[in-house]
Structures are given as C-alpha cells and as structure tokens.
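Visitor: The structure under discussion is supplied below as structure tokens; questions concerning it will follow.
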Amino acid sequence: GFMDFTNFDEQFMRKILMKQNYFWPNLAGQIACDFKSRYLSGQLDDVISQGTLKSINDSYSDMFKSLEFRANEATKKLNEMKNVTCNPIDGAMYAFPRIHLSKKFIEEAKKKDRKPDAHYCLELLEKSGICVVPGNGFGQEEGTYHLRTTILPQPDEYFTQVFEKFKEFNDELMEKYAD
C-alpha cells in the first residue's frame, strides 16, 4: 500500500515512522514474498532459466527435507526423555512438549520463587547452554508444565547433538528430583 501524510505535526510523524519500522514489512521482505508466491504458483517457470529453476528447486527440496527430519527427530528425542511427552511436530518450527515435574522439583522451584517450568528452563540453560521458553506464558492448563523449543538448529548433525545434550540434562534432572 501507499500512504501520504501532509500538514501533520512533527511529533505525530515521528510516531508513524517508528510504527512503520516495527510493524510494516520492508521492501526486501515484500519482494521476497512476491517472488516466493510467483515461484510456488509456477508463474516463473517461463521467466527463469532452467538452471536457475533447478537450483531453486534443489535448495527448496533440501530445506524441506531438513525441516522434516528435524521435526521428526525432535518429536522422537523429546518422547524418549524421562517424564516428557510431545505431540508430533507437523508444519511448525517449534515443539511444545509437556514436562511432568515431580513434587520435589516443584517445591525446589517455589523455594527459589520461580514457576516450575521457568525453573526447569533456567536450569537447562545454566547446565547445558540450551535456551528454551517456559510454557507458562502460553496459557497452559493450571497444574501442567510445558516448554517451547525451536527445531531450527542447523546443520542436522548439530541439531542431533543439541537434542542429545537436552536429553542427558533432562534425564539426570528427573533422576535427581524423583519422588
């Protein structure tokens, strides 16, 4: 879209420009979205050389396969962890597993004036360097605990290492705080 402002106060215009910087897509983003939609709809098949089109298709295919691998691997690794359950990841960049925390661990979190899932996430960060987000900010059901983690670490070998380190931390923590 296009907008033209005339005869507006300078302070108002600064606020508009500030909002534009935070909320409106930039030109490069608009061009990328337009290119992607034209590419996916086949509108570029006769415009782009076959070599370029093959390169784009190969890149797209490799990325899709990698995301598919990471979604499946994250689901598998999370469900292999003690006291963790995760629904299959389908079409997202995040997993939102449920962490079944012991009463002992929940009491430890309360002593530190933390929500149990936030305490889990901070312990994970401090002990392994892995950063995840506590589920309490996502409207989880009272008395349940979750976290959100991305499935984006690349390359795939590194991704596998991260989830192995995550599993090691989790299983040791669950043993330590077993009721």
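Visitor: Provide the gained length on full extension for the span His100 to Thr85, in nm with one decimal, where the gain is 0.36 nm per separating residue minus the Cα-Cα distance.
Guide: Full extension from His100 to Thr85 adds 4.6 nm.
Visitor: With springs only between Cα atoms under 10 Å, which of Gly135, Gly91, Gly51 fluctuates most in a Gaussian network model of the chain?
Guide: Top of the fluctuation ranking is Gly51.
Visitor: From zero outward in steps of 10 Å, how is the percent of C-alpha pairs of region 26-68 spread across the bins?
Guide: Calculated over all Cα pairs of region 26-68, the distribution is 26, 48, 25 percent.
Visitor: Can you tell me the dipole magnitude for the chain around its Cα centre, using point charges on the Cβ only (Lys, Arg +1; Asp, Glu -1), in Debye to the nearest 20?
Guide: On the way: 24 positive and 28 negative charges, 95 e Å.
Dipole magnitude for the chain comes out near 460 debye.
Visitor: On to the next question. Could you please report the charge total around Gly91, scoring K, R as +1 and D, E as -1 over all other residues with beta-carbon less than 14 angstrom from its beta-carbon?
Guide: On the way: positive: Arg70; negative: Glu68, Asp90.
Value of the local net charge: -1.
Visitor: Here's another thing I want to ask about it. Over all directions, the average projected area of the alpha-carbon convex hull for the chain comes to how many nm²?
Guide: Numbers: hull surface 64.1 nm².
Seen from a random direction, the Cα hull of the chain projects 16.0 nm² on average.
Visitor: Hey, what do the phi angles of region 128-139 turn into as Karplus ³J(HN,Hα) couplings, whole Hz, using 6.51/-1.76/1.60 and θ = phi - 60°, x for Gly and Pro?
Guide: The phi angles translate into 10, x, 8, 9, 10, 10, x, x, 4, x, 10, x Hz.
Visitor: Along Cα→Cβ, 7 Å out, is where each label goes; now give me the distance between the ones at Asp156 and Glu107 in nm to one decimal.
Guide: Output for this residue pair reads 4.6 nm.
Visitor: Another question, then. At a 1.4 Å probe, what is the % contribution of carbon and sulfur to the accessible area of the chain?
Guide: Details: 6670 of 12530 Å².
Roughly 53 percent of what the probe reaches on the chain is carbon or sulfur.
Visitor: Can you give the Rg and Dmax of region 76-179 based on its C-alpha atoms, in angstrom?
Guide: Calculated on Cα positions, Rg and Dmax stand at 13.2, 39 Å.
Visitor: Can you list residues whose amide H is under 5 Å from Tyr94's amide H, if they're 5+ apart or on another chain and H is modeled 1.01 Å from N?
Guide: Ile151
The values are calculated or read from the model by the stated rules, or taken from the named source; none is laboratory data. Bear in mind that the values here come from a model prediction, so they are computed numbers and not experimental data. Virtual Cβ from ideal backbone geometry, glycine too; neighbours counted across all protein chains shown. Just so you know, the surface numbers come from the protein's heavy atoms only, side chains and all, with ligands and any DNA or RNA stripped out. Shrake-Rupley method; radii C 1.70, N 1.55, O 1.52, S 1.80 Å.
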